[in-house]
Amino acid sequence: MASTAHDTKIVDQFTRWAQPFADLSVHADADGMARTLAAAAITPEMAVLDVACGPGIVACAAAPLARHITGIDLTPAMIDQARGRQRNAGLDNITWQVGDATRLPFEDDRFDVVLTRYSFHHIPDPGAALREMTRVCRPGGRVVVIDATPTADTQAAYDRMETLRDPSHASALTLDQLRALGQRAGLIERGTDFYRLEALLDTLADAEDMVGLTALFETDITSGEDRIGVAARHAADGIRFVFPVSIVAWDRQ
Ligand SMILES: C[S@@+](CC[C@H](N)C(=O)[O-])C[C@H]1O[C@@H](n2cnc3c(N)ncnc32)[C@H](O)[C@@H]1O
């Protein structure tokens, strides 16, 4: 399925990280999930698509609210994790598929809600993914993107940090850039929301990347400057920091 060098990086990274990603409790954070589901406004008759669904955390949380959920992801190991999560949760209204967010294998207008969480910063052309999400959403349906959004001032340092932590990182959009993508896709913005996701650095990177990453965080902590924009600090269990996460909800015209 991987067709570009970047796709290969994605599949390599998320094959290695499929299990740890699925197990990290921060990815099932209750406040973020409640805000995500509120933005999606799912009702029982709806068909929902979770794009770049990873291990199916959002898809499985949304399944009890919907008629049917489809989850699609580029990384087969993530889809394996998602199947396991669905089995453990006893959910029978989810279908999984391996596929690319920028070339969705679905007909126009097929879904009532199309959402994606924590994926746009991995996709070199997030505008193409949003256009595809819009295409497969029915007129009047809802499109939702949830992702970390640095400010314009912190974007470059944030991208440096993320690329060190995860070579499959492309670039995190600012909230204004994300809203502009929606406008270009012809979507009608219905609202934005925001949450902070606190994380422990040690749990989010391979050991070989830790030296450079730690140095980057230490510079911010000791200078007090917060150039990365993640409020990094020393805690009893290591370096902790906060992902600034935005939710943008649009309706398709
Ligand atoms: C950080 S994980 C997020 C997983 C899930 N959405 C969640 O919030 O728990 C990013 C996921 O995006 C997937 N991904 C990256 N680029 C993709 C693409 N072009 N098409 C489909 N999936 C992609 C990766 O395989 C990975 O599972």
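The values are calculated or read from the model by the stated rules, or taken from the named source; none is laboratory data. Every value quoted in this text rests on a predicted model; they were computed, and no experiment measured them. Positions of Cβ are generated from backbone atoms using ideal geometry, with glycine treated the same way; all protein chains shown enter the neighbour counts. SASA here: full protein model, heavy atoms, side chains in, ligands and nucleic acids out. Shrake-Rupley method; radii C 1.70, N 1.55, O 1.52, S 1.80 Å.
Being within 10 Å of the ligand (Cβ to nearest atom) and crowded, with 18+ Cβ neighbours inside 10 Å is a property that does not hold for PRO150.
I'd like to check which helices (runs of 4 or more DSSP H) are fully inside the stretch 1-103 and have at least 1 residues that are open to solvent by 60 Å² or more (accessible area, probe 1.4 Å) and more than 11 Å from the ligand (Cβ to nearest atom).
By residue number, 5-16, 18-23, 30-40, 76-89.
Taken residue by residue, the stretch 212-224 has at least one member that is open to solvent by 30 Å² or more (accessible area, probe 1.4 Å) and either touching a Phe, Trp or Tyr at 6+ places or on another chain (Cβ under 9 Å) or part of a loop (DSSP other than H, G, I, E, B) (or both). Checked against (1) surrounded by 14 or more Cβ atoms within 10 Å (Cβ to Cβ); (2) free of Cβ contacts under 8 Å to residues at least 12 places away in the same chain, GLU208 passes all but a single condition, namely (1). Of the conditions (1) aliphatic (A, V, I, L, M); (2) open to solvent by 10 Å² or more (accessible area, probe 1.4 Å); (3) within 14 Å of the chain's Cα centre (by Cα), ALA128 satisfies every one except a single condition; which number is it? Status for ALA128: all satisfied but (3). Taken over the stretch 174-190, residues that are touching a residue at least 40 places away in the same chain (Cβ under 8 Å), under 18 Å from the mean Cα position of the chain (by Cα) and open to solvent by less than 30 Å² (accessible area, probe 1.4 Å) amount to 3.
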